[in-house]
Amino acid sequence: MLSISQLTCEYKVNPLGIDAGAAPRISWKLKSDARACMQRAYRIQISATTNFDQPLWDSGQMNSSQSVLVELHGLQLNARSRYYYRVKAWDNAGRESLWTEPAFFQTGLQNPGNWEAEWIAAPEKRLRAGVCPQLRTFFNIDKEIANATIYVTALGLYELQLNDERVGEHYFTPGWSSYANRLQYQTYDVKNYLHMGKNSLGALLGDGWYKGYLGWRNDKEMYGSKRALLLELHIRFTDGSQQHVYSNRDWQAAESPVLMSDIYMGEHYDARLAYNLNDDNRVRWYEVDLIQHSKTILVPQENEPVTKIESIKPIKLWHTPDGELVLDMGQNMVGWLRFEVRGQTGQTVELIHAEVLDSQGNFYRENIRAAQQRIQYTLKGGESEVFEPHFTFQGFRYVQLKNFSGEVSLDDFTGVVLHSSLERTGNFECSEPLINQLHHNILWGQKGNFLDVPTDCPQRDERMGWTGDAQVFVRTASYLMNTAPFFTKWLRDLKADQTPEGGVPFYIPNLKESYSIESNWGETHHSSAAWGDAAVICPWTIYEMYGDKRLLAQQYESMKKWIAYIYDQGDNPYLWNTGFHYGDWLALDSDKEGWEAYYGATDRHYVATAFYAYSTSLVRKAAATLGYAEDADYFQTLYGSIVQAFRKEYVTSDDSLSVPTQTAHVLALQFGLVEGSVKERVIQKLKDLLAEAGDHLKTGFVGTPYLNPVLSTTGNNDLAYRLLFHTDYPSWLYQVTKGATTVWEHWDGIKEDGSFKDGGMASFNHYAYGSIGEWLYRFVAGIGPDEDKPGFKHIHIKPMPGPGLSYVKASLETMYGTTACNWNLTNNGTMELHITIPPNTTGEAILPAAKLEGLLESGRLALKAEGITGIEACDGGVKVLLGSGSYIFSYAL
Ligand code: BGC
């Protein structure tokens, strides 16, 4: 039987606020028990109603195997309209599916905006400093509603209430973007919040990234000083008539009970001041101000919203040696604490958040720096009260409780985990529990740092979209979760914030200009190698993992500009040997002291030129993919010149690299900058450098992600396993044995003696070194994409077992469905491999150390097994070409 499941439009299930100006893209997954199932044709219908009586658009039967990101060309979309769609398919064995159940997408306001609403703000001089404004309006409904939609955004953050009920499940809206250029608005279906008669509509505004503290210099108002709201409610009645409610001068504003709310600092809420929107007695309402702000920068929400993803219960409540009452969540998490409290009117309880305890077991906050992470709640008094904050999040495992009275119970607290609601796609389990914990820590690093933008860390006064960190982690991230919409939004911000010359600021969204430069290398600069390369590496990775050609096309100019920027630096266009760079950030091989040591020992211009070559090679591939043949030639030639210049500069007369660090050798190999006998020497030298360090790594942000992949692909897979299995410093598992539940910024964030590496710059939730995750999926489990048939249309399965592991179970939910590779080495020397290839894709699997003769698949001669279209001996084992289906190979080693 052939069926279709999981319809999505622009990666989302039934999305609201789709851009009516661009042809939306539909994806679906085929389901079939048969092996080697390929889609032969599809048909899509679009209708204004769910019964499809009179389709608005019909693709007809299209002979195509495309089932991912199919563009709805030629369909004229109106703004503010819901479109239902359904799909059917035919496969290569003549099977025909039924029509799917209808799914829908709904378009947003016309883009750029035809907004009738006006920007409104509370008269700030009427508010006490720091207090969050509450805005309100009223309207009547006297007819039956067919549908009702709100389009809304803010300068700052907003939370909407309709008839005193919180609207929607999104948090930290409208999100963080390049505010001067792009501001997202959200779309909510609000029919069920409305009723006949008088309705109240309110918006609470917070400072957020726009106006609150941001950056490490205790600075505020990075983007603007006025919190403001822009909102339209469109109601359509069953009789066809319409009613609109706009933000305008009819609205009123008052102080809210939120006395302070700030992303870094926390929140103070006074429950005695709580009121509902109808209240005219206890609160003083003022007329709102109309303010001028662009409406042409508005774009519909592009990434998945931040939502409450899960909740966790604390595991311990105790008094530290210093006598402080502290709660242990058992997990370094990001979000906030929901708590229940009983006490006196006017009593203020405090919750202070931290990541770690010091060596004495006391509460430790130095690494949080100026971010206070403090929640204060002033009680109404009487019955028990439950509280959750509004516009702040904390990165924490431990919470100090202050001024709570009476018995405090663990049951009163729940950790609410919030992050962008990306689809979880990767699962990995193996026979070594410490590695499973490492995988868990990597996943939690992503959860904590994918809160609307990819950040470096979620706790101290930073939490910024550092480009280097994003570039380093994007491959791992894209195994663990579907990152396409998340990076689509962020890359558009990158493009918007790129300098006219093509430079890429250190973090995206960029902050004030004074933040965008580094001056500690003589000159001031805004772009660093391996950081700015995010402009190229991220879109290419998304293309490889999801086959998203539109994103590649949209970013192409930005990618080219980055290369042009580098080309223009210094006198030699083929080397990048000028300017400030972060180098192999936080590597362990520097002989310098203090801050200078953080740049690592690898020559920073070596790193810069290596990445210049790599990014140029990727832009060449992008040009070829997009059909820009001339560009592809240009970048091919440029790449050749860079590689030549690199060799002239850094390869010595005895065929060695002049930069004697692990990272220098890793980059030369990973980026293909050396070949032949030089390559052999470089491989040997890398092994020597590792051996000198007792087979331990010394790499920083830049070298670490490629270290194990390079070892596995150069015939040193066992050495890669050895590096992974170390539990002593420096290694990935060192921190795991120290009790880490996320990934640390420093290899020795906590030293053997319990002391900290660095007071001020020691995050315990920094995902850069979690980039080993890609190696776990791509090499240990062996699941990899094919850049010529991206998005896992063709799947490479090449597991690389190594010493210390007896089994691995891994799966990846691709755009086509689940692919999986489980391997199991039994005691009697038998290898059992379970491989799954989803319908409408093909695979090629390398069965490690298998021999062709007599190879069986589920008991049958593999050669004859259904779905296997080719089989041959190859380097390292047997290669089988697979159609879709699940296969079990078992063979003696
Ligand atoms: C951040 C990073 C970032 C780095 C740049 C740090 O403060 O936390 O992870 O990439 O600065 O060197």
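The values are calculated or read from the model by the stated rules, or taken from the named source; none is laboratory data. Quick caveat: nothing in here was measured; it's all calculated off a predicted structure. When we count neighbours, we look across all protein chains shown, and the Cβ atoms used for this are built from the backbone with ideal geometry, even at glycine. Protein only, heavy atoms only, side chains kept; ligands, DNA and RNA dropped before computing areas. Shrake-Rupley method; radii C 1.70, N 1.55, O 1.52, S 1.80 Å.
The table for this structure:
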item	result
Yes/no for ALA154 being of a type outside the set (Asp, Glu) and over 19 Å from SER247 (Cβ atoms)	no
Odd one out for LEU434, checked against (1) aliphatic (A, V, I, L, M); (2) within 16 Å of the ligand (Cβ to nearest atom); (3) open to solvent by 10 Å² or more (accessible area, probe 1.4 Å)	(2)
Entirely in segment 636-725, the helices (runs of 4 or more DSSP H) that have 3 or more residues that are more than 34 Å from the chain's Cα centre (by Cα)	676-692
Among residues of segment 762-792, those that are charged (D, E, K, R) and not in a loop (DSSP other than H, G, I, E, B), counted	2
Those residues of segment 339-350 which are more than 16 Å from LEU273 (Cβ to Cβ), open to solvent by 20 Å² or more (accessible area, probe 1.4 Å) and assigned to a strand (DSSP E or B), in sequence order	GLU340, GLU350
Cβ pairs under 7 Å, 6+ apart, first in segment 785-796 and closer than 15 Å to SER67 by Cβ, second outside any loop (DSSP other than H, G, I, E, B) and open to solvent by 20 Å² or more (accessible area, probe 1.4 Å)	PRO790/GLU544; HIS794/THR842
Residue check for ASN332: open to solvent by less than 10 Å² (accessible area, probe 1.4 Å) and in a loop (DSSP other than H, G, I, E, B)	no
Single match in GLY224, GLY202, GLY215 (criterion: assigned to a loop (DSSP other than H, G, I, E, B) and at pLDDT 95 or above)	GLY224
Test for TYR706: is it open to solvent by less than 10 Å² (accessible area, probe 1.4 Å), away from the ligand (no atom under 16 Å from the Cβ) and aromatic (Phe, Trp, Tyr)	yes
Residues of segment 293-334 classified as under 24 Å from the mean Cα position of the chain (by Cα), hydroxyl-bearing (Ser, Thr, Tyr) and within 18 Å of THR187 (Cα to Cα), total	1
Enumeration of residues in segment 743-761 that are more than 12 Å from the ligand (Cβ to nearest atom), assigned to a loop (DSSP other than H, G, I, E, B) and open to solvent by less than 30 Å² (accessible area, probe 1.4 Å)	TRP747, ASP748, GLY749, GLY754, GLY759
Helices (runs of 4 or more DSSP H) contained entirely in segment 431-497, each with at least 2 residues that are under 15 Å from GLY773 (Cα atoms)	433-449, 467-480
Complete set of residues in segment 593-623 that are of a type in the set (A, V, I, L, M, F, W, C), open to solvent by 10 Å² or more (accessible area, probe 1.4 Å) and assigned to a helix (DSSP H, G or I)	TRP595, ALA597
Qualifying residue in segment 500-507 (condition: over 30 Å from LEU575 (Cβ atoms), away from the ligand (no atom under 16 Å from the Cβ), open to solvent by 10 Å² or more (accessible area, probe 1.4 Å) and in contact with a helix residue (DSSP H, G or I) (Cβ under 8 Å, 6 or more places away or on another chain))	no
Filter result for HIS353 (surrounded by fewer than 20 Cβ atoms within 10 Å (Cβ to Cβ) and closer than 20 Å to PHE413 by Cα)	no
Residue identified as buried (at least 24 other Cβ atoms within 10 Å of the Cβ), within 11 Å of the ligand (Cβ to nearest atom), within 9 Å of the chain's Cα centre (by Cα) and under 26 Å from GLY749 (Cα atoms) among THR455, THR467	THR455
Some residue of segment 437-449 being open to solvent by less than 40 Å² (accessible area, probe 1.4 Å), polar (S, T, N, Q) and within 16 Å of the ligand (Cβ to nearest atom)	yes
SER641 vs. criteria more than 29 Å from TYR729 (Cβ to Cβ) and open to solvent by 20 Å² or more (accessible area, probe 1.4 Å)	yes
Qualifying residue in segment 562-583 (condition: assigned to a loop (DSSP other than H, G, I, E, B), among the hydrophobic types (A, V, I, L, M, F, W, C), modelled with pLDDT of 95 or more and crowded, with 24+ Cβ neighbours inside 10 Å)	yes
Selection count where residues are within 16 Å of the ligand (Cβ to nearest atom) and surrounded by 24 or more Cβ atoms within 10 Å (Cβ to Cβ), scope segment 206-227	1
When residues of segment 576-599 are limited to those that are of a type in the set (A, V, I, L, M, F, W, C) and in contact with a Lys or Arg (Cβ under 9 Å, 6 or more places away or on another chain), the one farthest from TRP744 (Cα to Cα)	PHE580
Filter result (outside any strand (DSSP E or B) and under 26 Å from the mean Cα position of the chain (by Cα)) within segment 800-833	MET815, TYR816
Test: residue in segment 186-203 that is open to solvent by less than 10 Å² (accessible area, probe 1.4 Å) and within 16 Å of the ligand (Cβ to nearest atom)	no
Total residues in segment 6-30, condition more than 25 Å from the chain's Cα centre (by Cα) and either open to solvent by less than 40 Å² (accessible area, probe 1.4 Å) or under 14 Å from VAL68 (Cα atoms) (or both)	2
Criterion: touching a residue at least 40 places away in the same chain (Cβ under 8 Å) and buried (at least 20 other Cβ atoms within 10 Å of the Cβ) - qualifying residue of LEU833, LEU805	LEU833
Residue that is away from the ligand (no atom under 16 Å from the Cβ) and open to solvent by less than 40 Å² (accessible area, probe 1.4 Å), where the choices are LEU626, LEU586	LEU626
Residue match in segment 473-492 (condition: away from the ligand (no atom under 16 Å from the Cβ), over 12 Å from the mean Cα position of the chain (by Cα) and modelled with pLDDT of 95 or more)	yes
Contacts under 7 angstrom Cβ, first residue in segment 448-465 being without any contact (Cβ under 8 Å) to a residue 24 or more places away in the chain, partner within 9 Å of the ligand (Cβ to nearest atom) and aliphatic (A, V, I, L, M), 6 or more apart	THR455/MET464
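Residues checked against (1) open to solvent by 40 Å² or more (accessible area, probe 1.4 Å); (2) of a type outside the set (Asp, Glu); (3) part of a strand (DSSP E or B):
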| residue | (1), (2), (3) |
| --- | --- |
| LEU229 | no, yes, yes |
| ASP239 | yes, no, no |
| VAL245 | no, yes, yes |
| TYR275 | yes, yes, no |
| ASP279 | no, no, no |
| SER294 | yes, yes, no |
| LYS308 | yes, yes, yes |
| PRO314 | no, yes, no |
